[in-house]
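Engineer: Got a structure here, written out as structure tokens. Questions coming.
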Amino acid sequence: MKINSHISSLPGSYLFQEIASRIKTFEQENPKADILRLGIGDVTRPLSPYVAEKFASAARDMATAEGFRGYPPGEGYHFLIDAINKNDYAARGIALQDSEIFISDGAKTDAAAIQELFDKDCRIAFTDPVYPVYVDSNAMAGRLGTFENGRWCNAVYLPSTAENGFVPPLPEEKVDVLYLCYPNNPTGTVLTKAQLKPFVDWARENNALIIYDAAYKAFITDEDIPRSIYEIEGAKEVAIECCSFSKTAGFTGVRCAYTVVPHQVTGRDNSGKEVSLNALWKRRTGSKNNGVSYPVQVAAAAVYDEQGRKETEETIRYYLDNARVILDALKQGGLTVYGGVHAPYIWMKTPDNMKSWDFFDYLLRNAHVVGTPGAGFGPCGEGYFRLTAFGSRETAQQASGRILNMLSK
Ligand code: PLP
């Protein structure tokens, strides 16, 4: 049989596989090294006890005749959709219908699958650097052409660098879909409402669609920074928003997320007829998914209860304090650092303009600290390095100390 060559011709291995393989080689050569990991963006703190108890209790219900449930509704249980709508949207003055919210097992799942709604010839724009899932999923669908000199020839890259203050320019050429992620992975930077508005206006003027990934919105601590793109006027006509309980509530191993597809967002089919993307997403998801388990959805809804909220917010504060520890130490050491204030990611300029993979190896060998090379997130990530605040306070302190020590030699 003939395979999908768009997958086999993807460049290199997935970023984190390459990192894991380099660490493995180092560990084999240095079995006694105590490696501190500030690399992968996985959480480490335990679930909120309140949320975990609701999770367990729902699982026990499933073992009773009255509480047993089979397939969940494809778009999610109403109790969770209602909690999301009230707490994440209505409370912020955003009016959504429950039928615009779809529960899923991950923002990665949805951010990767959403491109199934686009025509093969749609032109796609990404910020650069970028969370690789948006690019890879479009590349696998054959939408990005060939990969040459670190770039897909049919994709549009919008640089997001220190030079433009991490505010990417608007696309200058015809673009059908733009992926935005704020707070940003990997740079940890954010856009204010005033900085996000031109993107919404651009999409409305150009009949384009924005896929807005707000997976890190729980880390925002400033009211002027939008937690949802729908805080911007007109966004409900042009934006789909992906959110997740992974980073908000430590659900990376539990798996629950949601995507908002407003009824007003439309595209055109081959005959020029206007089609609702909500209807399209519902149709596609109904055919491909059987939903998210009942105990997981009960656990997610518990995040909005007073006690669940209190406990999950404490964890977010813990990570943000870690980020501050790393930021302060690196700044003190004279390094140039970005992000880390409304996000769990710190984006540092590599010292002496080192290439980011060279700095990865240098840091691993000399400080036994693992981070993520910026170049793994796109051409404009070259010369940068990502550190994450998801470890323990001790790891944050020790790792920053080791980096400073290494650089002072
Ligand atoms: N979106 C972004 C920007 C991420 O960085 C991540 C995970 O690191 C995800 C989505 C994945 O979310 P989930 O765990 O819900 O699949």
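Engineer: Within the range 389-397, can one find any residue that is of a type in the set (D, E), closer than 30 Å to S48 by Cβ and part of a helix (DSSP H, G or I)?
Structural biologist: Within the range 389-397 (the criterion being of a type in the set (D, E), closer than 30 Å to S48 by Cβ and part of a helix (DSSP H, G or I)), the answer is yes, since at least one residue qualifies.
Engineer: Listed residues E274, E233, E306, E237; which is free of Cβ contacts under 8 Å to residues at least 40 places away in the same chain and either within 30 Å of G391 (Cβ to Cβ) or open to solvent by less than 20 Å² (accessible area, probe 1.4 Å) (or both)?
Structural biologist: The match here is E306.
Engineer: Right, another one. Against the condition away from the ligand (no atom under 16 Å from the Cβ), open to solvent by less than 40 Å² (accessible area, probe 1.4 Å) and modelled with pLDDT of 95 or more, how does V298 come out, does it pass?
Structural biologist: Yes.
Engineer: Here are the criteria: (1) assigned by TED's automatic domain parsing to the domain that holds R204; (2) open to solvent by 60 Å² or more (accessible area, probe 1.4 Å). Tell me which single one R284 does not satisfy.
Structural biologist: (2)
Engineer: Restricting the search to the range 323-371, which residues are assigned to a strand (DSSP E or B) and either among the acidic types (D, E) or closer than 12 Å to G188 by Cβ (or both)?
Structural biologist: V337, Y338, G339, Y345, I346, W347, M348
Engineer: Hand me the list of helices (runs of 4 or more DSSP H) wholly inside the range 181-291 holding 1 or more residues that are within 14 Å of the ligand (Cβ to nearest atom).
Structural biologist: Output list reads 245-249.
Engineer: Let me ask you something else. Of all residues in the range 192-219, how many are buried (at least 21 other Cβ atoms within 10 Å of the Cβ) and either at pLDDT below 95 or within 20 Å of the chain's Cα centre (by Cα) (or both)?
Structural biologist: Here the count works out to 14.
Engineer: Going by the structure shown, is E173 more than 10 Å from the ligand (Cβ to nearest atom), touching a residue at least 40 places away in the same chain (Cβ under 8 Å), more than 30 Å from D42 (Cβ to Cβ) and not aromatic (F, W, Y)?
Structural biologist: Yes: the conditions hold for E173.
Engineer: Answer with yes or no whether P31 is farther than 25 Å from K108 by Cα and open to solvent by 60 Å² or more (accessible area, probe 1.4 Å).
Structural biologist: Yes, satisfied.
The values are calculated or read from the model by the stated rules, or taken from the named source; none is laboratory data. The structure presented is a predicted model; accordingly, all values stated were derived computationally and were not measured. In this analysis, Cβ positions are derived from the backbone assuming ideal geometry, glycine residues included, and neighbour counts consider all displayed protein chains. All accessible areas refer to the heavy atoms of the entire protein, side chains included, with ligands and DNA or RNA removed. Shrake-Rupley method; radii C 1.70, N 1.55, O 1.52, S 1.80 Å.
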